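Student: What follows is a single structure, and I will ask about it in a moment.
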Amino acid sequence: MEHYFTNNKDLKSEMRTINFEKNGIVFTFFSDLGVFSKDHIDYGSRLLVDSILHNCDSCENILDVGCGYGFIGIVLSKIFSCQCLMVDVNERALHLCNKNITKNKVLGKSLFSNCYENVSDKFDLIVSNPPIRAGKKVVLSILKDASNFLNLDGSLWFVMRKDQGAKSILKELSLQYNCEVIDKSKGFYVIKAKNR
Ligand SMILES: C[S@@+](CC[C@H](N)C(=O)[O-])C[C@H]1O[C@@H](n2cnc3c(N)ncnc32)[C@H](O)[C@@H]1O
């Protein structure tokens, strides 16, 4: 079975655009076959962005892990006027993300990286709508290894469905981080984690 994160050079292209408005800014996202949530902005991703904007006033730099076509990182980077590094393993998603960085005029950079493999900096905010379909090992690596890439007062924010194991992940992460459930909506949890 092909997953949205599989690199398949033979995959047809049917480019489309998605418009999204936040804080009076209209964003345009190029999307295509073979990427996550290709026809609309994912509800969980929107919830994560809303929660962060509601709870954080500013930040200097963001890392979006599993960025897809760049929705989370691009909206936050535009509204906070800050740098954002966006990483993924799906080459088509990264190509779209690059186009979307240019289209929405943000200070962003997209980079191929399996989890944090090609990341070296530290960040105020690490954000993720993690790839559940990639399996628990990848999801845990994204969430647990974030601690090595956070600035002193930095935080990891992620969104996960309750029925995709949010509660057990929360329990496991609580051994390592101070975790807080910031929002709950339609079965999605938004969780903030800070290094102890
Ligand atoms: C649930 S999607 C979220 C996409 C995007 N952030 C959004 O909100 O629309 C998860 C993303 O993680 C990416 N991914 C899967 N395995 C990965 C890995 N090992 N390292 C980095 N990204 C990965 C997928 O390609 C996919 O784009």
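Derivation of every value follows stated rules applied to the coordinates shown; laboratory data play no part. Note that the coordinates shown come from a computational prediction; the quantities given were computed from them, not determined experimentally. Quick reminder, even Gly has a Cβ in these numbers, built from the backbone with ideal geometry, and neighbours come from all protein chains shown.
Student: Restricting to the range 171-196, name every residue that is outside any strand (DSSP E or B) and without any contact (Cβ under 8 Å) to a residue 12 or more places away in the chain.
Tutor: Lys171, Ser174, Leu175
Student: Please determine, by comparing only the residues of the range 117-138 that are assigned to a helix (DSSP H, G or I) and closer than 13 Å to Ile169 by Cα, which one is farthest from the ligand (Cβ to nearest atom).
Tutor: The selected residue is Lys136.
Student: For the condition buried (at least 16 other Cβ atoms within 10 Å of the Cβ) and part of a helix (DSSP H, G or I), what is the one hit in Ser168, Ser141?
Tutor: Ser141
Student: Name the residue that is nearest to the ligand (Cβ to nearest atom), counting only residues in the range 81-114 that are surrounded by fewer than 18 Cβ atoms within 10 Å (Cβ to Cβ) and part of a loop (DSSP other than H, G, I, E, B).
Tutor: Asn114
Student: Considering only the range 131-187, state which residues are closer than 25 Å to Val89 by Cα and small (Gly, Ala, Ser).
Tutor: Result: Ala134, Gly135, Ser141, Ala146, Ser147, Gly154, Ser155, Gly165, Ala166.
Student: Let me ask another. Please indicate, with yes or no, whether at least one residue in the range 41-60 is touching a Cys at 6+ places or on another chain (Cβ under 6 Å) and not hydroxyl-bearing (Ser, Thr, Tyr).
Tutor: There is at least one residue in the range 41-60 that is touching a Cys at 6+ places or on another chain (Cβ under 6 Å) and not hydroxyl-bearing (Ser, Thr, Tyr).
Student: Output the residue which, of all residues in the range 115-138 that are polar (S, T, N, Q) and in contact (Cβ under 8 Å) with a residue 12 or more places away in the chain, is surrounded by the fewest Cβ atoms within 10 Å (Cβ to Cβ).
Tutor: Asn118
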